[in-house]
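Trainee: One structure is given below, represented as C-alpha cells, and several questions about it will come after.
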Amino acid sequence: MGTQDAVTVRDAALTGGGAGTRGRAGGEVLLGLALFGLYSLVAMLPEQVRQDAARRRGESVLALERALHLDVEPALNGWLAGRPAWRALADYEYATAYLAVTFAVLAWLYLRHPDRYRTARNAFVMLNVAAIACFALYPVMPPRLLGGLGFVDTVRLGRTWGSWGSPVIEHADRFAAVPSLHMAWALWAGAQLARAGAPRPARILNGAHIAVTACVIVATANHYVLDAVAAVPLVALSVATAERLAARPPAAERVPAQDAFFLAVESAAAPQHTGGVIMLDTSRRALGRLDLVRLIGDRLDRLPRFRQRLEDGGRWRRPVWRDHPALDWSWHVTERGVDGMDGLRALIAEIQAEPLPRDRPLWRMILVGGAAPGRTTLVFLMHHVVADGVGVVAQAISLMEPAAPGPSGGAEPAMPPRRRVREALAGA
C-alpha cells in the first residue's frame, strides 16, 4: 500500500466514511442524464393534443404584453431577421452559450468550491424539475410558431447547428416557452457565482451574458418578454429553497449495512469488537491514566466516534450515531496492573471477552503496568461498528502521533520549493 493509499484509508476510517459535500462525478453525470430523460418524456407528449391549448396561451401572453406595452418581440425579430451577420451570432448564442456557461459554472464549483457545489446543484435540479413541470402542465407556443403574425424563426432559417435548425435537436419540445430555461440558467449561474465569491470580472461577464440572453431569446422569436420575467421567481425560489435545506442541521448518520451486520450477530458469547496492544517505553517518564485522559480529550475532534453512541433508528431501520453528552472517563480509560507477560495475556483475554455496552461510545483504553520493566502497555478496544482492523490502526496512529511542531519565533514557515511550483501551476 502506497503512502497516498494509506492516508486515504486512514482519513476514511477516522471520519466514518461519511459523504462529502459533492458526489462522485459519475453520479453527477447520471443525475444530469436523468433530468434530460425527464425533459425528453415531456417532449414526447403528443403535439396534436397540446397544440391548440399552447397556441391560445401564446396568443394570450402576446395580448397581455400589448396591454402592458411590453410587446417588443415583432420589432426586435424584424430587425434581427434583416441582418444576416447579427442573426447568425444571435442564433449560435441562443444554441450554445447557455449550455457552455452553465456547465462551466458547475465544473468550477465542483473542482474549486466543493462546499458550495451540492447546494448549487440542488438548486439547479429543483429549477429544472419545476420548469419541466410547467412545460408539461402549461404548454405555451413560442412566437416563432404563431403563424400570420410575421415572426421569423431565425434559428431554423440559419440552419443553426445544435438547435432545431439542424437534425441534432429536432426532437426538442416546441411548446416549452414558459419559463425560459435559457434565462433561468443564466440567472442561476449569476446567483451561484455571487454566492461562491467569484472574481468580479467573472460576475460582470455573466451579467453581460444575462443581458445578451434576454435580448436574444426575444429577438430570435423563441420567447416572449414575460417568459424571461417568469424565470426570475423560479430561480429565486429554487436557490432560496436549496440554501435553506443546506442550512438545516445534518441528519443523524445511520450505521452502514455492512457495519450493522456486526451489531446483529453480536452476543454475550461473541463480542464483536477489535483491538490492539501498544508497548510504550516509560523508563524515562512515567505515563499515568490522567495523562492518557488528557491526550484523548485534546484529540477528540479527530475521533468523532469516540464521542458518539448508538441510538435505535426505529423498527426495521439501522441504528444512528448520536453525540454523547458526557464521556464517563472512569470507564473509558482505566489503569490495571499485572504480573509479567502471562498476566498481560490473561487480562487481554478477560476484557476481550466482555461485550462493550451500547449506552456509551464503543471504545475503551486500559493502561497496564507490570508486563515488562520500564514498559507500560496500552490495550485498546473498539467495536467493529466503529472501526475494522485497518481503522483501529488509523485511530491509534491519530491518537499517538506527536503534535506537529509550531513555527519558531512566530514567523510563518517558508513554503517548500515543490509547493511553490504547485501553487504557480495551479494559478496558471
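The values are calculated or read from the model by the stated rules, or taken from the named source; none is laboratory data. Just so we're clear, the structure is a prediction, and the values are computed from it rather than from any experiment. Neighbour counts run over all protein chains shown; Cβ positions are idealised from the backbone, glycine included. These accessible areas exclude ligands, DNA and RNA; they are computed on the full protein's heavy atoms, side chains included. Shrake-Rupley method; radii C 1.70, N 1.55, O 1.52, S 1.80 Å.
Trainee: May I ask you to say which residue of TRP79, TRP86 is loosely packed, with under 15 Cβ neighbours inside 10 Å, in contact (Cβ under 8 Å) with a residue 60 or more places away in the chain and at negative phi?
Mentor: Within the list TRP79, TRP86, the selection yields TRP79.
Trainee: Could you say which residue among THR102, THR154 is out of contact with any Leu (no Cβ under 8 Å at 6 or more places or on another chain), hydroxyl-bearing (Ser, Thr, Tyr) and assigned by the TED database to the domain that holds ALA211?
Mentor: THR102
Trainee: For residues that are β-branched (Val, Ile, Thr) and open to solvent by 40 Å² or more (accessible area, probe 1.4 Å), tally how many sit in the stretch 250-277.
Mentor: Within the stretch 250-277, the first condition is being β-branched (Val, Ile, Thr), and the residues that meet it are 255, 265, 274, 277.
Now restrict to residues that are open to solvent by 40 Å² or more (accessible area, probe 1.4 Å): 265, 277.
Looking only at that region, the number is 2.
Trainee: Among the residues of the stretch 290-322, how many are farther than 25 Å from VAL393 by Cβ and either in contact with a helix residue (DSSP H, G or I) (Cβ under 7 Å, 6 or more places away or on another chain) or not aliphatic (A, V, I, L, M) (or both)?
Mentor: The qualifying residues number 9.
Trainee: Considering only the stretch 278-294, state which residues are open to solvent by 50 Å² or more (accessible area, probe 1.4 Å) and touching a residue at least 40 places away in the same chain (Cβ under 8 Å).
Mentor: MET279, ASP281, SER283, ALA286, ARG289
Table: residues versus (1) closer than 30 Å to GLY369 by Cα; (2) in contact with a Gly (Cβ under 8 Å, 6 or more places away or on another chain).
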| residue | (1), (2) |
| --- | --- |
| ASP298 | yes, no |
| GLY313 | no, no |
| PRO319 | no, yes |
| ARG322 | no, no |
| PRO325 | no, no |
| ASP328 | yes, no |
| VAL333 | yes, no |
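Trainee: Okay, next question. Pairs needed: first member in the stretch 312-331, surrounded by 11 or more Cβ atoms within 10 Å (Cβ to Cβ); second member anywhere, aliphatic (A, V, I, L, M); C-beta distance under 6 Å; at least 6 residues apart or different chains.
Mentor: Partner pairs satisfying both residue conditions: GLY313/VAL320; ARG318/VAL255; ARG318/ALA260; PRO319/VAL255; PRO319/LEU310; VAL320/ALA252; TRP329/VAL293.
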